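The values are calculated or read from the model by the stated rules, or taken from the named source; none is laboratory data. What you see is a predicted model; the values in this text were computed from it and never measured. We place every Cβ from the backbone using ideal geometry, glycine too, and count neighbours over all the protein chains shown. In case anyone asks, the SASA skips ligands and DNA or RNA and just uses the protein heavy atoms, side chains included. Shrake-Rupley method; radii C 1.70, N 1.55, O 1.52, S 1.80 Å.
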Amino acid sequence: MPLNITIRSTTVDDLVTITDVHTLGFGYEKEARLTAALLADATATPTVSLLALHDGAPVGHILFTRVRLNGRDDPLLHILAPLAVTPEYQRKGVGGALIRNGIEKLRSMGSKLVFVLGHKEYYPRHGFTLHALRHGYQPPYPIPEENSAYWMFQPLTPEAVNIETGILQCADALHHPAHWRDDGGAEI
Ligand SMILES: CC(C)(COP(=O)(O)OP(=O)(O)OC[C@H]1O[C@@H](n2cnc3c(N)ncnc32)[C@H](O)[C@@H]1OP(=O)(O)O)[C@@H](O)C(=O)NCCC(=O)NCCS
């Protein structure tokens, strides 16, 4: 039976809850620190930050932050990072619900494209296309050819397929080689 999951936007009061979810979900603190840094980063706005709750208890969090193509503010574009579900709630649909809900929110705020560097078996189930570089979207730091499939994108409107291509620039907190390592995106 599907879980009764509630999803809501986060507030500044949720910071500790959010970082706890990432530390539990990933099993280490790096993504929790990245999330806290992104939530305090003016260059990351407008963000979409969603918490999944089961019976009032936090079980997952997703964050989308702004990226810029060729240094321009227009069109509005985003990247998904990070996403985590606490271990006992993994593989129960929570991650998928957060992605779907987040994408709807991005669409309603007028975002045109969303990128992700992550599990290549997982994100295509939620509309992402592998090999974004082959479609002309260059990541901020190079991804080795053997891992290039992990760099993915998704147009959020029918017209977005015609958006110009080029080099992506992330929010300052994400714009660091440590977040773009050649390990298939497991760190993002
Ligand atoms: C990856 C993660 C966010 C997925 O969320 P989730 O709620 O567990 O996943 P869902 O229930 O929405 O989807 C489950 C399906 O995706 C698959 N899946 C889940 N995690 C996967 C992974 N890491 N790689 C490939 N497939 C995965 C499952 O096999 C399952 O498929 P099935 O229904 O055919 O069995 C979650 O497992 C997690 O937090 N993992 C640790 C942190 C992490 O890796 N974050 C993402 C970094 S890119």
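For the reader, a short list of remarks on this structure follows.
- For the residues Tyr89, Tyr28, the requirement of being over 15 Å from the mean Cα position of the chain (by Cα), under 18 Å from Leu117 (Cβ atoms) and of a type in the set (Ser, Thr, Tyr) singles out Tyr28.
- Those residues of the stretch 1-37 which are among the small types (Gly, Ala, Ser) and within 13 Å of the ligand (Cβ to nearest atom), in sequence order: Gly25, Gly27, Ala32
- Hits in the stretch 69-85 (condition: more than 12 Å from Ser111 (Cβ to Cβ), out of contact with any Gly (no Cβ under 7 Å at 6 or more places or on another chain), in contact (Cβ under 8 Å) with a residue 24 or more places away in the chain and more than 16 Å from the ligand (Cβ to nearest atom)): Gly71
- Residue check, Leu98 of a type outside the set (Ser, Thr, Tyr), within 10 Å of the ligand (Cβ to nearest atom) and assigned to a strand (DSSP E or B): no
- Filtered residues of the stretch 61-84 (kept if touching a Pro at 6+ places or on another chain (Cβ under 8 Å), open to solvent by 10 Å² or more (accessible area, probe 1.4 Å) and over 19 Å from Ala178 (Cα atoms)): Leu76
- Residues satisfying the criterion are absent from the stretch 38-46 (criterion: more than 14 Å from Gln169 (Cβ to Cβ), within 12 Å of the ligand (Cβ to nearest atom) and open to solvent by 60 Å² or more (accessible area, probe 1.4 Å)).
- Residue that is among the hydrophobic types (A, V, I, L, M, F, W, C), out of contact with any helix residue (DSSP H, G or I) (no Cβ under 7 Å at 6 or more places or on another chain), closer than 28 Å to Thr23 by Cβ and away from the ligand (no atom under 11 Å from the Cβ), where the choices are Ile103, Ile163, Ile167: Ile103
- Top-ranked residue in the stretch 110-140 [being over 19 Å from Gln169 (Cβ atoms) and among the hydrophobic types (A, V, I, L, M, F, W, C); ranked as least open to solvent (accessible area, probe 1.4 Å)]: Phe128
Conditions (1) crowded, with 19+ Cβ neighbours inside 10 Å; (2) over 17 Å from the mean Cα position of the chain (by Cα), marked per residue:
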site: Pro142; (1), (2): no, yes
site: Met152; (1), (2): yes, no
site: Pro155; (1), (2): no, no
site: Asn162; (1), (2): no, yes
site: His175; (1), (2): no, no
site: Trp180; (1), (2): yes, no
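- Flag for Pro58 being more than 19 Å from Ser111 (Cα to Cα), assigned to a strand (DSSP E or B) and open to solvent by 40 Å² or more (accessible area, probe 1.4 Å): yes
- Taking residues in the stretch 91-107 that are open to solvent by less than 80 Å² (accessible area, probe 1.4 Å), and partners anywhere that are within 12 Å of the ligand (Cβ to nearest atom) and in a helix (DSSP H, G or I), the pairs with Cβ atoms closer than 8 Å and at least 6 places apart or on different chains are Gly96/Arg125; Gly96/His126; Ile99/Tyr123; Ile99/His126; Ile103/His126.
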